[in-house]
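Below is one structure, written out as C-alpha cells; the observations come after it.
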Amino acid sequence: MILKKIKSSILIAAVTTVLLAPSATVLAADFPNAPIQVAVAYGPGGATDFQARIATMMAGNEKYLNMPMVIFNKPGAGGQKGWNWYASSASQDGHQLAAYNVPHFIAQSLKFDTSYNINNLEPIANWGADPAVLIVPADSPFNSATELVAWAKANPGKLTVSGAGLYVGHHIAGLQLDKAANISTQYIPAGGGVPAMKMVLGSQVMAGFNNLSDAFRQGDRIKILAVADNQREETFLPNVPTFKEQGIDIDDSSVNFRGIMARTGTPPEVIDFLAERVHAMFQDAKVAGKMKAGGSPMRIMTRAQVQNMWAERQVYLDGLLADL
Amino acid sequence: MEIFDYIGAIFSVSNLTVLILATAGGLILGALPGLSPTMAVALLIPFTFQMDAATGLVLLGAVYTATVAGGAISGILVNIPGAPANIATVLDGHPMAKKGKATQALHFCFISSFVGGIIGVLVLIFFTPPLAKLALRFGPSEMFWMAIVGVTVIGTLGSKSVVKGLFSGVLGLWISTIGISPIFGESRFVFTDHLTGGVHIVVALIGLFAVPQIYQLLVTSRQKSSGGLFATEKTSLLSSIRYNLSRFKALTIGTLSGVIVGIIPGAGGQIAGLVAYDQVRKFSPDASKFGHGEPDGVIAAESANNAMVGPSLVPLLTLGIPGSPTAAVLLGGLLINGLFPGPDLFTVHAQVTWTFIGSLLVAQVFMLIIGLALSRSSSYWVMRVPSQYMAAAVTVLAVFGTYSIQNSYSDVVLMLVLGSLMYVLNKYGFSAAPIVLGIILGPIAEDNFSMGKMIADVGDGALPYFLTGSVNLVLIFVCVVSIGYSVWVEIKQRRQVAPGMKRSAPGTRVAAIGAFIASLVVWGMVMSADGSQAYDFPFLLAVLMFAFAAILLIDALRMWARQKSGPGLVEWSDLGMGIAVIVGYLLIMQTSGFYLASWIAFSAIVLFYTTDINRQKTTRIVLVSLGFMTAIYVLFSLSLRVITPGFF
C-alpha cells in the first residue's frame, strides 16, 4: 500500500515538473493575449468602481482591445491599500492595470509612506472628472458659500465638514477652503463618499464635500452651495456657482480625475498601444450614454495630457500640504 | 396598491427564466465559501449590461436573496458559513446535522428564510418613507452604540465559557485594527507585508471556519476506515413545515431583528442573524440547549438574515445610501440603468422599480421551492461524501474563494495561518463566531467613535454627544439589559452547578496561560507604538484582553489541583501529510497557476488520506478531481470571469 502511494506521488511529481516548465514569456507583439485586469482601490458600488465598470465595458470589442477588461476591488484606507499593492506587486506586462484617482493618490504619496508615487506609475488615459461640491442639509440655514464662511469666521473651529476620507479630493477641497477663506473647519473623514453623504443627509455634520455626481443625484434632499472647479458644471448643475464666483479663491485642484494607469516597467509599446486604444474606447457612444445616464461627468484625456495634469497636481499639493 | 399595477410584468417568460436560474445559481454560489452575496452580485453586474433594466435588476435581486439563503447550506452541512450573514445559522444548524437532522435543518432554513424574506419585502413595500427617516437618524454616535449592542452578543456565541467568548470577541476586535487606520491614516500592527491591507472579513470567515473543518475532516478520515460522516434521518417536509411555523416566537424575534438591523445603513446585515440568535436564546426558557442543535437557533438566524434583505433596500432606494455591502453593489446596478434613488424611482421609473421589488417577493417563492426540493438530496449526498474528498474540495474552494475576494495571494496565506491557529484554539474551548463578529464590529465601533468624538470636540463635548438623543438612549438601554441578563444567567448557572465542576473544559490551564501571554503581547505592541490617537482603541482592547485573560487564569489556578491535563489536543501526526500538501499547493500555485495546482493538491490530499489505495482507486481519484476542477473552471473562469492566481 505504501509503495503504491509512493509510486503515485512520484507520478504526480513528474507531471508537475513537466507542467511547471517556464511558459514562453509574453511578447508585446501579441498583447493582449488574456483578459486585462483592472484594480479599483475602492469598494464595489462606489463611484469609482461604478464608473470604471462602465468605462471599460467596451474593451472586448476588436476595435479597442479585443479582450475584456475585468474589474476587481482592493478597497481600504482611502485607496492606499489597493495602490500599494498595485505599485509593488502587480504584473508589468500590461495585463494588470489600475484605476487612479487624482488628487487622492498623489496627496497620499506625499503625506504617507506609500509604495506608489507619480514616478512609478504610467497614465494610460483619463475618462472622468468629478469636481467636489460643497453641500449642506436641505434645512440648513446656509444658502451660499459666503454665508457658510461668515458663520465659520464667527465660530472658529466649530464648522463640521464631512468627506470621503483622508487626503482624498474632498479633503483637499476642505483644506483649500480653510486657506482661501482664512477659516478653520473640523474635517470628518468618513469611510467613503456614501457615509460622508449620509452624515450630511442626516444633519450629523453641518456641511460636507462630496462628488458632484453623487450630490446631483440627491436632488432637493440637500443644498449644493458651490463647485470646487474653475468653471461651472454645465451638463448636470448649470445653476450652481463656483467658489471663485463667490469670491473664494479655490481652483480645480481637488477635482477627482479618474482614469486607467499601468506600472512603470511595462513595455513602452504596450503602453503606447493601450494609450491609443483605451482613449478611443472611452469615446465610444455606448460608454458615453451609460455615463450620462448614471449622472457621471466625463472628461476624456490622452496619456500626454494626463502626464501634465499629474505633474501639475504634484507641485501644487506639495505646496498645499507643506503648510499643514 | 400600486405594486399590483406592475406585478404582471414579472411573469414574462424572460423574467421568469432569469428568476429561476438566478435563484438556483444563487443558492449554489451562496453555498460556496468565499463567494459572498456581495461578490456574487458584483460578478453579475456586467451581465446586466446586455439585458433591459427590469430584467437586469430582477437578476441581481434574485441572486441577492438566494445567496443569503444559500450560505446556510454549507454552514449546516459542512460547518462552514457561506457568508458572514450565516454564522449564526451554523451554531445550531451543524449540530443538528451531526445528530442526523441535516434535512430537517435545511427545511427550517428555507422555510424561515421564506417567512423572513417575505415580511422583509413587505416592510420595504409598505413602510419605506418612515423607515428612510429612521435610517438617517443613525449618525456616528448611534452607529457606535449599535456596534456595542453587537459586542454584548459576543459572550453568548458558542464558546464553552462566557469569559472565553468575551476574550475571543476582543481578540477579533483587535484583529480588525490591523492595517491602515481609515480615520488616522496610520499603519498599525503590520509586522509582515501580508498584513499591510489588514484582515478582510471574508478572509477571516473562510480561515476561521473552513480550515479547522478541513483539518477535522482529515483527522476523521485517518481515524475511521469508512469515510461516511453522519447518518441522515428521514423527515417529512410536512412535519418540518408544521414544526417550523409552530415556533412562532423564534420566527418573530428573527424577522423583527432582521428588519431593524437591515434598515440601519452600514450595520451590514452581517450581524442580523447573530443579533436574532442572541435574542431568541435569551428569551428561551432553556438557553443551555442552544449550540447543541436547537432548531430555534436556525429558525431565528435564517429568518433574520433574509428579513434583512428587503429593509436594506429602503435607504438605498430612497436616499441612495445602501443598508448593506451587497445593497451597495445593487446601487451600481440601478445607476447603470439610469435609475437614481429617490422619489423618481416610484414615479418616472415605477414600472422598473415595482417589477424589481415584486420580483424579490417572487424570488422568495422560488427560493423556497428550489431550496426545499434540494434539501433532502443535498443533505443525503453531502453527508455521504467521504471526508478526504470533502477536505480536498473545501481546501480548493477556500483557496479559490479567498483569492478571488481581492486577488491577493497574501490573503490566501493569511487565511491558512489564521485557520490553523483557530484549529488549535478550538481544541481549547475558544470558538470562531465571536472572533469573526469582533472583526465585523471593530471598524464600526472604532471609526464611528472617532468621528463622533471629532464632531463632539467642536460641539457640546463627548458625553452629551454620545449619551443623549432618543436613538442613543434606546440602544444604551438594550446594551444594559443585554449585559445585565447575561450576568444574571451566569450567576444563576454558577449557583446551580457545584463549584469547580462547570469549567472542567479541556485544557483550561493551557488556554488561560495562552490567553494571558497573547494579551501581554498585544499590550506590548500597543505600548511600543508611538502612542498617537490611532492607538486609543487598541489600548482599550489590550486592557480588556488582559482583564479577561486574568479572569481565565484565576479560574484555572483555583482548580489547578483538580484538573486533569487535557486530552491529546492536536493530532499532528494525522495532519502532517495534509499540511504538507497544502503548503506545497501554496508554493506551486503562483508559478503553475491555480487550476493545475488545485488539481494536483486535490488528488494528493485524497490519495494520502484514502486507505487501501489501489490502481482502481487512484484512477478514480484523479478523474474525480479532474471533474471537480473542470466544473469550477466552467462556472467561474468561463462564465463569471473570476480571476485566478497564476496564469491559469
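The values are calculated or read from the model by the stated rules, or taken from the named source; none is laboratory data. These numbers come from a predicted model, not from an experiment. All Cβ positions, even for glycine, are placed from backbone atoms using ideal geometry, and neighbour counts span all protein chains on display. Just the protein is used for accessible areas: all its heavy atoms, side chains included, with ligands, DNA and RNA removed. Shrake-Rupley method; radii C 1.70, N 1.55, O 1.52, S 1.80 Å.
Here are the numbers:
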{"read-out": "Contour minus Cα-Cα distance for B:Ile554 and B:Val634 (0.36 nm per residue)", "value": "23.2 nm"}
{"read-out": "Euclidean distance between Cα centres, region A:292-319 to region B:111-181, Å", "value": "40 Å"}
{"read-out": "Ranked by how many other beta carbons lie within 10 Å on average, peptides A:66-74, A:162-170, B:187-195, A:299-307 from highest", "value": "A:162-170, A:66-74, A:299-307, B:187-195"}
{"read-out": "For B:Thr177, net neighbour charge (Lys/Arg +1, Asp/Glu -1) across residues whose Cβ lies under 11 Å away", "value": "-3"}
{"read-out": "Net charge, B:Ala135 excluded, C-beta distance under 11 Å - Lys, Arg +1, Asp, Glu -1", "value": "+2"}
{"read-out": "Gyration tensor verdict on region A:132-246 (Cα atoms; rounded if a/c is under 1.5, prolate if a/b is larger than b/c, oblate otherwise)", "value": "rounded"}
{"read-out": "Residues with amide H under 5 Å from that of A:Ile188, placed H, sequence gap 5 or more", "value": "A:Val161, A:Ser162, A:Gly163"}
{"read-out": "Karplus-derived HN-Hα couplings along region B:170-183 (A = 6.51, B = -1.76, C = 1.60, θ = phi - 60°), whole Hz, x at Gly and Pro", "value": "5, 4, x, 4, 5, 4, 5, 8, 5, x, 7, 5, x, 8"}
{"read-out": "Calculated FRET efficiency for the pair A:Asp113/A:Ala288, C-beta based, R₀ 41 Å, to 0.05", "value": "0.55"}
{"read-out": "Sites B:Phe11 and A:Thr235, calculated FRET efficiency, Cβ-Cβ separation with R0 56 Å, nearest 0.05", "value": "0.90"}
{"read-out": "At R0 = 22 Å, FRET efficiency that the Cβ-Cβ distance of A:Lys63 and A:Ser91 yields, to 0.05", "value": "0.30"}
{"read-out": "Formal net charge of residues neighbouring B:Gln533 (Cβ-Cβ distance under 14 Å; K, R +1; D, E -1)", "value": "-4"}
{"read-out": "For region A:238-248, 3J(HN,Hα) per residue [Karplus equation, 6.51 cos²θ - 1.76 cosθ + 1.60, θ = phi - 60°, Hz, x = Gly/Pro]", "value": "x, 8, 8, x, 7, 4, 4, 4, 9, x, 10"}
{"read-out": "Whole-Å distance, taken between Cα centres, linking region B:279-327 and region A:122-136", "value": "39 Å"}
{"read-out": "Length released on extending from B:Arg620 to B:Ile369, taking residue separation times 0.36 nm less the Cα-Cα span", "value": "86.9 nm"}
{"read-out": "10 Å Cβ neighbours from other chains, averaged over peptide B:138-145", "value": "3"}
{"read-out": "5 angstrom amide H check on A:Lys223, placed H, neighbours 5+ away", "value": "A:Val136, A:Ala138"}
{"read-out": "Karplus 3J(HN,Hα) series, Hz, for region B:96-103 with 6.51 cos²θ - 1.76 cosθ + 1.60 (x for Gly, Pro)", "value": "4, 4, 4, 7, x, 9, 4, 4"}
{"read-out": "Helix-only mean residue ellipticity at 222 nm for the protein assembly as shown, each DSSP H run of n ≥ 4 adding -39500 (n - 2.57), per residue, nearest 500", "value": "-20000 deg cm²/dmol"}
{"read-out": "Modelled label reach - A:Arg299, point 7 Å along Cα→Cβ, region A:241-276 residues with backbone N closer than 12 Å", "value": "A:251-259"}
{"read-out": "Eligible aspartates and glutamates near A:Lys63 by straight Cα distance, threshold 12 Å, same-chain separation 8 or greater", "value": "A:Glu276, A:Asp284"}
{"read-out": "Extension gain (nm, one decimal) between B:Val489 and B:Thr591, 0.36 nm per residue minus Cα-Cα", "value": "31.2 nm"}
{"read-out": "Among the listed pairs B:Lys101/B:Lys289; A:Lys179/A:Lys244; B:Lys249/B:Lys492, those beyond 18 Å (Cα-Cα)", "value": "B:Lys249/B:Lys492"}
{"read-out": "Shielding by other protein chains, A:41-54, mean Cβ within 10 Å", "value": "5"}
{"read-out": "Global form of chain B, assessed from the alpha-carbon gyration tensor, a/c cut-off 1.5", "value": "rounded"}
{"read-out": "Dipole of the protein assembly as shown, positive end: most advanced residue of A:Thr242, B:Val487, B:Met525 [Cβ charges, Cα centre]", "value": "B:Val487"}
{"read-out": "Computed magnitude of the charge dipole of the protein assembly as shown (debye, nearest 20; Cβ of K, R +1, Cβ of D, E -1)", "value": "3960 debye"}
{"read-out": "Within the accessible area of the protein assembly as shown (1.4 Å probe), percent carbon and sulfur", "value": "64 percent"}
{"read-out": "Other protein chain Cβ atoms within 10 Å, averaged over every residue that makes up A:77-90", "value": "4"}
{"read-out": "Amide hydrogen neighbours beyond the local backbone of A:Gly259, cut-off 5 Å, H modeled", "value": "A:Tyr100, A:Trp127"}
{"read-out": "Spin-label model distance (nm) - A:Glu269 vs B:Phe248, 7 Å beyond Cα toward Cβ", "value": "7.7 nm"}
{"read-out": "DSSP beta bridges in the protein assembly as shown [antiparallel fraction, %, rounded to 5]", "value": "65 percent"}
